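Below is one structure, written out as structure tokens, with a few remarks after it.
The values are calculated or read from the model by the stated rules, or taken from the named source; none is laboratory data. No experiment lies behind these values; they were computed from the predicted model shown. A quick note on method: Cβ atoms are made from the backbone with ideal geometry, for glycine too, and the neighbour counts reach across all protein chains shown. Quick note on the areas: whole protein, heavy atoms, side chains included, nothing else; ligands and nucleic acids left out. Shrake-Rupley method; radii C 1.70, N 1.55, O 1.52, S 1.80 Å.
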Amino acid sequence: MADDAMKTDVQLPVATDLKKPRPKKAPDLPILERRNWLIHLHYIRKDYETCKAIIKEQLHETQGMCEYAVYVQALIMRLEGKIQQSLELFQSCAILNPKSSDNLKQVARSLFLLGKHKAAIEVYSEAARLNQKDWEISHNLGVCYIYTKDFKSAEEQLNLALQLHKHDLTYMMLGKIHLLQGDTEKAIDVYKSAVEFSPENTELLTTLGLLYMQLGKYQKAFEHLGNSLTYDPNNFKAILAAGSMMQTHGDYDVAMNKYRVAAYSVPESPPLWNNIGMCFFGKKKYVAAISCLKRANYLSPFDWKILYNLGLVHLTMQQYASAFHFLSAAINLRPRMSELYMLLAVTLTNLDDADNGRRSHEQAVLLDESNPLVNLNFAVFLYNQGDKKAALLQFQEMERKVNAQVENNSNTDFDPELVEMAQKLGTALQAGENLYWSKLGKDSKTSQRSSSSKPSSSQQPLGTNQALGQAMSSAAGYSKSMQITSEPEADVSSAPSPPTVTPGEPEDEDEETAEPAKLKEKKSKPRAAAE
């Protein structure tokens, strides 16, 4: 018996060897998800044709029930520009998986691209209820509210997005909201916070520099623009803005060197050629200035600043018919700008059309609120026409504007020729001696730019045919008008981005526009901006 028990113990391992072998083949995945990995692989490789073929086969096998295949097909449709078809496919995904916030986000995105902003807001709101911690939903909601002009709701959503996750794009959109509302100080605060969060973002640095430039804080503007150029030496907007600042202060050669760098990256930029043209204008190379401005006008025929400058240069060269042509075109594009009517009045007077010149002066005075040059030119025109009573009224209005600027400390850097002309006109009208003008006349000899002081002859007329004191130099983006079209969207960095635009158009020239006098007409040319 003991022997039998031992035999049994010895045979036990043999029973283990009789177990069935483990299957070598892995179990099949559920049929709905079988090719998802392959679809994803071809999609990220941008092999869209192969990807679409696999998606078609997968949908055929699953009878259209594979959510991922439909989702990727919708993404490919959107990339091909078929927004409506992509919207329908994303809606199918939302039906297959109604609790997915990603599907609703894509539906809302397609509605946004179709311009249906209110419908997009509704879908984004539904997605926010499913996922309350997604910063992208709050950001896109804010962008949609911008397009519907609901800036308060847009600001709330963008601030919520920043609380969830700080992002450069959200800061940029929040800053644009304040700019659209005309609150430059708040916009600067937002961009300063953005720069602290992302100190190497050249677009944020450039935009902040442009805003400081718009406020006249050139030291801070130059600092931020310099930082931007440190990180990206070929940044077109920063180069244009820095160059225009140098141009404003009379450093034309340095500005031209900056523009030369920018010309390599954007050789067909209208603002670039506009600024190059005004550099030549400041250097009194008028033919070269007209050539560059004509090129800028060819590239952007509806830019009023370029037309303004062309009119200014032609007026300086005493080509009054051409000046009239460009100034009239600029007025059609910018009908509320008083300086354009003032220059047009100068042109019409030199074309011996005093009646229409007077109408242009009256329109300029009607539109203007703070520029004393407008009233000075009108006063000189009226004096030359023999209407001393009306000229005295315009002279007094000019003095009121000057005193208002002095009290507000907004702009006391008056052009020396403006001061000289005001003193002559005041003497001719027997308006009494203005202490402020007398003091300013003495100080201007030392404080004003050397290039602006010109010898005056004893026979110089009261009115000199000088063009305006602000030649428009379109720096970086577009000036102060940062339009929505110039930005919102997550692609906002491109179209919805600044601005475009630059805030702040620097002043390239400081000229006075006074009418030719009856005594003896001397047409002095416009001068460059201050040193």
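In bins 5 Å wide, starting from 0, what share of all Cα pairs of the stretch 284-424 does each bin hold, as a percent?
Per 5 Å bin, starting at zero, the Cα-Cα P(r) for the stretch 284-424 comes out as 2, 10, 18, 19, 19, 16, 10, 5, 1, 0 percent.
Dipole size in debye (nearest 20) for the stretch 251-296 around its Cα centre, Lys and Arg Cβ +1, Asp and Glu Cβ -1? Display every interim value, and only then the final one.
Numbers: 7 positive and 3 negative charges, 33 e Å.
Dipole of the stretch 251-296, to the nearest 20 debye: 160 debye.
I'd like to check one number: the per residue accessible area of the stretch 268-331, probe 1.4 Å, reported in Å² as a whole number.
Value for the stretch 268-331: 37 Å² per residue.
Just check the stretch 148-200 against the gyration tensor rule for me: Cα atoms, a ≥ b ≥ c as the square roots of the eigenvalues, rounded for a/c under 1.5, and otherwise prolate or oblate depending on whether a/b exceeds b/c. Show your work: numbers first, answer last.
Working: a/c = 2.45, a/b = 1.25, b/c = 1.96.
Oblate, because a/c is 1.5 or more while a/b does not exceed b/c.
What does the highest-first list of 228-234, 69-75 look like by mean Cβ count within 10 Å?
Working: 228-234: 16.1, 69-75: 23.3.
Result, highest mean Cβ count within 10 Å first: 69-75, 228-234.
So, with a 1.4 angstrom probe, what is the percent of accessible area on the stretch 268-331 that is carbon and sulfur?
Solvent-exposed carbon and sulfur of the stretch 268-331 make up 61 percent of the total.
Classify the stretch 268-331: rounded, prolate or oblate, from the alpha-carbon gyration tensor (a ≥ b ≥ c, eigenvalue square roots; a/c under 1.5 rounded; otherwise prolate if a/b is larger than b/c)?
oblate
Let's see if you can work this out: charge +1 on each Lys and Arg Cβ, -1 on each Asp and Glu Cβ, no other charges. What is the dipole magnitude of the stretch 268-331 about its Cα centre, in debye to the nearest 20?
My answer is approximately 240 debye.
Which value, in debye to the nearest 20, gives the size of the charge dipole of the stretch 68-178 about its Cα centre, when Lys and Arg are +1 and Asp and Glu are -1 at the Cβ?
With only Lys, Arg, Asp and Glu charged at Cβ, the dipole is about 80 debye.
Could you tell me the distance between the Cα centroids of the stretch 305-337 and the stretch 45-107, to the nearest Å?
Here the two parts' Cα centres lie 55 Å apart.
Once label points are set 7 Å from the Cα along Cα→Cβ at both residue 63 and residue 298, what is their separation, rounded to one decimal in nm?
That separation, rounded to one decimal, is 6.6 nm.
Quick check: from the Cα gyration tensor, does the stretch 182-255 come out rounded (a/c under 1.5), prolate or oblate? Please list the in-between numbers first.
On the way: a/c = 2.61, a/b = 1.34, b/c = 1.94.
Here the stretch 182-255 falls in the oblate category.
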